[in-house]
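Below you'll find the structure, written out as structure tokens, and then a few comments.
The values are calculated or read from the model by the stated rules, or taken from the named source; none is laboratory data. Being a predicted model, the structure only gives us computed values, none of them experimental. As a convention, Cβ positions derive from the backbone with ideal geometry for all residues, glycine included, and neighbour counts pool all protein chains shown. Ligands, DNA and RNA are excluded from the accessible area calculation, which covers all protein heavy atoms including side chains. Shrake-Rupley method; radii C 1.70, N 1.55, O 1.52, S 1.80 Å.
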Amino acid sequence: FVSYMVCCTATICDEVAAGLSQNDIALSYALAMRSAAAGQDEPDWHKINMAILSRWKPSGLERIKKRAHDLLAGRHAP
């Protein structure tokens, strides 16, 4: 069973604004990546990344991206 996220941009931006943790944002980021790869949604990565950078330093964005990639590769459990 594979699931996809729709409205990825709004979802992640809302999660950042709501104060969710980097790990939570990374899970959504990974789902957005999966959804984009499957053609199920077209995330606005610039808007998403700018929302993340409005809350964390560039190193926070890099941590989120790395964790998202690791989640997709199965190196981390959600």
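Some notes on this structure:
- Coupling constants for region 54-63 follow from the phi torsions by the Karplus curve (6.51 cos²θ - 1.76 cosθ + 1.60, θ = phi - 60°), and in residue order they are 6, 10, 10, 6, x, 5, x, 4, 5, 4 Hz; glycine and proline get x.
- Surface accessible to a 1.4 Å probe, per residue, for the residues of the chain, Å²: 61
- On region 32-78, 51 percent of the accessible area sits on carbon and sulfur atoms, based on a 1.4 Å probe.
- Computed from the C-beta positions of Trp56 and Phe1 and an R0 of 25 Å, the FRET efficiency is 0.20 to the nearest 0.05.
- Computed from backbone phi, the HN-Hα couplings of region 17-30 come to 4, 7, x, 5, 6, 4, 5, 5, 5, 4, 5, 5, 4, 5 Hz, rounded to whole numbers (Karplus: 6.51 cos²θ - 1.76 cosθ + 1.60, θ = phi - 60°; Gly and Pro given as x).
- Within the chain, helix-based [θ] at 222 nm, where runs of 4 or more DSSP H residues each add -39,500 (n - 2.57), nearest 500: -22000 deg cm²/dmol
- Loop chymotrypsin sites (Phe, Trp or Tyr not before Pro), the chain (other Cβ atoms within 10 Å of the site Cβ: 12 or fewer; DSSP): Phe1
- Value of D in µm² per second that Stokes-Einstein yields for region 3-78, Kirkwood Rh from Cα pairs, at 25 °C (0.890 mPa s): 203
- Among the trypsin sites (Lys or Arg not before Pro) in the chain, those located in a DSSP loop and surrounded by at most 10 other Cβ atoms within 10 Å of their own Cβ are Arg75.
- Taking a Cβ cut-off of under 12 Å around Leu27, the surrounding Lys, Arg, Asp and Glu residues balance to a net charge of -1, with basic ones at +1 and acidic ones at -1.
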